[in-house]
Amino acid sequence: MTLPSSIPPMGQRDKLLEMSNVDKVFGGNVVALKDMNLTVNQGDFISLLGPSGCGKSTALRLISGLMRPTSGHINWEGGQKTGDLGVVFQEPTLMPWATVEQNVWLPFRLRGKSLADVQDEIMWALKMVGLEKFQKSYPRELSGGMKMRVSIARSLVTEPRLILMDEPFAALDEITRHKLNNDLLELRDKLKCTVIFVTHSVFESVFLSDRIVVMAARPGRVSSEVTVDAPYPRTEEFRTSADYAELCRKASDALHGAMNEHGARASA
Amino acid sequence: MSTTDMNTAAIVDEEELRYARAEKREKIAKWLLPVVVIALAVFLWDRMVVWNDIPHYILPGPGLVLETLIQDWGMLSDALIVTLKITLAALAVAVVGGVGLAILFTQSRYFEMSFYPFAVILQVTPVVSIAPLIFIYVDSRIAGLLLCAWIVAFFPILSNTTLGLNSTDHNLRDLYKIYGATRWQRLRYLQLPTALPYFLGGLRIAGGLSLIGAVVAEYVAGTGGIGSGLAFRILEAGYRLNIPRMFAALLLIAATGVVIFTAASLLSHALLHKWHESAIKRES
């Protein structure tokens, strides 16, 4: 595996994916997403932040190819292959009848590779999330946080160019969420992966990402982008720093701006 | 400090012990209670016959039934094997047909729209009313019996398996799509395992129904001689007012039903106990 030695600073990163003028309309009249433009660069950790109905999940489904845009384009640099994409949903989404390693095997299995062939990759991914001792366990034997780790291991195992995460920690308790946030950043530091992370938590988005794309609702659209210029690695200390508080305030303002934008439009 | 620690340890111990005792009691009761109740019922049956001087051609006592069972074992065991063969063959065909149709249903909506009503009509029409026609059109008696038993047994497997195949987690479906799974892979790795608990539930019902179907069909077919099953033996014994033999044959039919149900339940446990909610015993 060849990893870049470090993630270059923002502005010097290579382009990975571009959404240009993307619209998504449901049933001919419900505009879920309007004119979205987003350039994703290699190494970006982007949070899509916004109220419900702002189209952040729609944007994710469009990028994942589960839906086609009504108009506009989504282009991958060098084209997209299966395995370029890892996905983590809000629920762990594991197959309950399969062991941990069989669940992580899935992306390879669907490409016709036997479990023995990819044992190394599976163990590597499980090690990354700290579950190497649980390869033979069934999902029901694991806690909520551990299940989520399996789900993350599955998304990593193909060494994807882009990982999409749709509010993955929203259903977890706060202590587990903080722990998983820390571990996710550590993973990102090790793997130099590119992440798009959907969340409705200002705090989570500031802690994790270097770019926050703030979205507004009805119709779903990009309202503004906040750059989080705090350096990585970010640790527990960052959570209690004045910088963090200031950045949260900035992101929070942007989010309120997005919501008022909607309010003004609705009352007009 | 250490005393409090010990106290807490002691309290936990006592609770654990209480748990263990309750669990043990439940384990014993699970077997003992049904046995006691059945034994009591048999005893009451026996006493009723003795106390009221009921003649054996009206209601034989349990002892006489058992005696008849042993005496007529040669004839009854042959009949049992015939009924068992038809029941199991019907169940096997119901499993293959039910699962096969369910898979076709989930592969094509149009196929389901076309044939589901047909399956429902077959199911809701009482088999007793179709059976005479079947025996007119089908020459082979065995084939006729099999067909009747199958009509009764296949529907729960079809409807349960169809429901199961359609109950896949939506996110998992999306995941399979993102990873470029073929239809076949999706069916094999995702839909069939999801449907397994539903199918096994259907199997438990179908097992009992295939026995009912076989017995009912035999009543309708009504021809005797070599190769007749338990239901015919009951009819025949009834004509001869051999009530103890009716009871003996009935006993065998009931026992067959219990064995089929138990086998299906054991199979279900063996396949699901590692992962499915239904087979997981929760604490407290």
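The values are calculated or read from the model by the stated rules, or taken from the named source; none is laboratory data. Since the structure is predicted, the reported quantities are computational estimates derived from the model, not experimental observations. No Cβ is skipped: glycine too gets one built from the backbone with ideal geometry, and neighbour counts run over all protein chains shown. Surface areas here come from the heavy atoms of the whole protein model, side chains and all, with no ligands, DNA or RNA. Shrake-Rupley method; radii C 1.70, N 1.55, O 1.52, S 1.80 Å.
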Any hit, segment A:2-9, residues being among the small types (G, A, S), open to solvent by 80 Å² or more (accessible area, probe 1.4 Å) and closer than 29 Å to A:H256 by Cβ: no
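A quick yes/no check of all residues on (1) surrounded by 14 or more Cβ atoms within 10 Å (Cβ to Cβ); (2) closer than 30 Å to A:W105 by Cβ:
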{"position": "B:L165", "(1), (2)": "yes, yes"}
{"position": "B:N171", "(1), (2)": "yes, yes"}
{"position": "B:D174", "(1), (2)": "yes, yes"}
{"position": "B:L187", "(1), (2)": "yes, yes"}
{"position": "B:L251", "(1), (2)": "yes, no"}
{"position": "B:A270", "(1), (2)": "no, yes"}
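For segment A:130-235, give me every one of the strands (runs of 3 or more DSSP E) that falls completely inside it and has 3 or more residues that are under 25 Å from A:E101 (Cβ atoms) and not basic (K, R).
Working: elements: A:162-166, A:194-199, A:211-216, A:221-227.
In segment A:130-235, A:162-166 are the strands (runs of 3 or more DSSP E) which contain 3 or more residues that are under 25 Å from A:E101 (Cβ atoms) and not basic (K, R).
Can you name the residue in segment A:144-157 that is charged (D, E, K, R) and within 14 Å of another protein chain (Cβ to nearest Cβ) and, of all such residues, is surrounded by the most Cβ atoms within 10 Å (Cβ to Cβ)? Please lay out each step first, then the result.
First pass over segment A:144-157, keeping only residues charged (D, E, K, R): A:147, A:149, A:154.
From what is left, the residues that are within 14 Å of another protein chain (Cβ to nearest Cβ) are A:147, A:154.
Numbers: A:K147: 21, A:R154: 27.
Looking at residues that are charged (D, E, K, R) and within 14 Å of another protein chain (Cβ to nearest Cβ), I get A:R154.
Quick check, is B:L91 open to solvent by 30 Å² or more (accessible area, probe 1.4 Å) and at pLDDT 95 or above?
Details: open to solvent by 30 Å² or more (accessible area, probe 1.4 Å): no; at pLDDT 95 or above: yes.
So B:L91 does not fit the description; no.
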Residue count for segment B:194-239, restricted to those that are open to solvent by 10 Å² or more (accessible area, probe 1.4 Å) and more than 14 Å from chain A (Cβ to nearest Cβ): 26
Filter result for A:L85 (of a type in the set (A, V, I, L, M), open to solvent by 10 Å² or more (accessible area, probe 1.4 Å) and within 14 Å of another protein chain (Cβ to nearest Cβ)): no
Of all residues making up segment B:17-65, the number that are within 28 Å of the chain's Cα centre (by Cα) and in contact (Cβ under 8 Å) with a residue 40 or more places away in the chain: 1
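Residues A:E186, A:E167, A:E204, A:E141: which one is under 30 Å from A:G55 (Cα atoms) and within 14 Å of chain B (Cβ to nearest Cβ)? It would help to see each step written out before you state the result.
Numbers: A:E186 fails: within 14 Å of chain B (Cβ to nearest Cβ); A:E204 fails: within 14 Å of chain B (Cβ to nearest Cβ); A:E141 fails: under 30 Å from A:G55 (Cα atoms).
Every option except A:E167 fails the conditions.
Yes/no per residue for (1) among the β-branched types (V, I, T); (2) outside any helix (DSSP H, G or I); (3) within 14 Å of chain A (Cβ to nearest Cβ); (4) crowded, with 16+ Cβ neighbours inside 10 Å:
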| residue | (1), (2), (3), (4) |
| --- | --- |
| B:L133 | no, no, no, no |
| B:L146 | no, no, no, yes |
| B:K177 | no, no, yes, no |
| B:L192 | no, no, yes, yes |
Residue pairs meeting the criteria (Cβ under 9 Å; at least 6 apart or on separate chains; first within 11 Å of another protein chain (Cβ to nearest Cβ), in segment A:55-66; second surrounded by fewer than 23 Cβ atoms within 10 Å (Cβ to Cβ) and in a loop (DSSP other than H, G, I, E, B)): A:L60/A:L66; A:R61/A:M67; A:G65/A:Q80
